[in-house]
Ligand code: MLT
Ligand code: ZN
């Protein structure tokens, strides 16, 4: 190790203590730094900034886009020692937390106090609040409560040079100039380190109904979404669609789930409503599905009779790892207008068929948010295949004015395609902001606009 680096690590250790730093030799990258307070984060960043040392914030490591990828010698910054839930204010309906707190701990703490923190993603057990904020995580209840951005009342952020931007107050409204917190939400750790947050709490629903339905056509699917939104009068909390090829895989012989309803229709949907009265909620859910059936919007349905059945339905939706484990498989997270989705997915499938006679295309997503996940299982795992598949997926998105990343971010993985979603004017402005806040480019370098990760797209 170069003497300069040794010296820097010693100075960092003097700030964070022996427990606050350890080498990550196994991966050939730099040390992991674990500060225990915002003040320590500030002092560590100042040192790194002065030394021109790159530092990559890591949360629960559930990134889908190599958002915490580290090059040789790059330090990692983990807030795992800053995971305290500092306060639950039942009058302001807020929770103040350190950014290393796990999402599931936050959800459970809210519930224990009679409140609800609505953000929910499959990786709730490992993902941290700081990571959720850095990526503006979305997930399964966005249709009702919005993404992470909508759950944030205030943030404390440490800038690259060590400046601490203190937390604003607990009031939801504060229209005094630019609302700077929004700059850091979804910045993927490139503009500053979020160290603490005030989260907005909601009323804890006391009833929920969950069902799985099959839908005969895409036209029926969009009508069904409009119908259930209207019928459930603000209670719709999830509308998660699975295309048939994915439904048959995830409930098929190679997976541990059995199909809640028979195969045969092109789409199935997990629908959940949450309310305040179980009896009323259940009877209105049943009426809703029976009317949808009479209108020809659904062809079959099953309703969970208890929590165990509800959990079984959600396990089918959440168990995306079954597919991700297949190799070679490629994971995409795109958004586009709902009425473009049917043609888009068909076009992707046709293009895959033309090039690879043997392929699977697993499609599912948060339809109400215009967000699809596409997992093509195809080809040989090479970079060449990856580029060919990315081109197929992203060209169709570009021409429909969609986004190459709906909720997972750009990370290291998608940098080459940023211009498919953002204009050169927007990218130039983003770079100006980055340059202003982190002129030495020490924070999570190579993310969002980093170098093309597989030296592609040269034509
Ligand atoms: C999900 O919706 O399950 C997550 O975003 C992960 C994914 O499947 O891409
Ligand atoms: Zn998702």
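Coordinate-derived values only; no laboratory data. Note that the structure is a prediction, hence the values are computed from the model and not measured. So basically every Cβ, Gly included, is an ideal-geometry build from the backbone, and we count neighbours across all protein chains shown.
Here are a few things to note about the model shown:
- Sorted largest first, the principal axis extents computed over the alpha-carbon atoms of segment 106-216 equal 53, 30, 27 Å.
- DSSP bridge orientation in segment 10-101 - percent antiparallel, rounded to nearest 5: 50
- Here segment 91-135 was treated as a single set of alpha-carbon atoms; its pair distances binned every 5 Å from 0 give 5, 23, 35, 24, 11, 2 percent.
- Prolate/oblate/rounded label for segment 33-131 (Cα gyration tensor, a/c 1.5): oblate
- Whole-Å semi-axes of segment 216-369's equivalent ellipsoid (Cα gyration tensor): 28, 18, 13
- The angle between the Cα long axis of helix 424-437 and the longest principal axis of the Cα atoms of the chain comes to about 40 degrees, rounded to the nearest 10.
- Ranked for footprinting exposure by Cβ neighbours inside 10 Å, fewest first, 105, 319 give 319, 105.
- Reference-scaled alpha-carbon Rg (2.2 N^0.38 Å with N residues) for segment 201-295: 1.14
- Taking each DSSP H run with n ≥ 4 as -39500 (n - 2.57) and averaging over every residue of the chain yields -10500 deg cm²/dmol at 222 nm.
- Column: log10 I(q)/I(0), Debye, Cα scatterers of segment 322-408, q = 0.20 Å⁻¹: -0.90
- Footprinting exposure proxy for 240, 86 (fewest neighbouring C-beta atoms within 10 Å first): 86, 240
- Fraction of beta bridges assigned by DSSP in the chain that are antiparallel (%, nearest 5): 85
- Inter-centroid distance (Cα atoms) of segment 271-285 relative to segment 317-376, Å: 31
- Base-10 log of normalised Debye intensity for segment 3-78 (one unit scatterer per alpha-carbon) at q = 0.14, 0.23, 0.27 Å⁻¹: -0.41, -1.11, -1.45
- Three-way shape call for the chain based on the alpha-carbon gyration tensor, with the a/c threshold at 1.5: oblate
- Gyration tensor verdict on segment 308-365 (Cα atoms; rounded if a/c is under 1.5, prolate if a/b is larger than b/c, oblate otherwise): oblate
- Residues 261, 58 in ascending order of nearby Cβ atoms (within 10 Å, fewest first): 261, 58.
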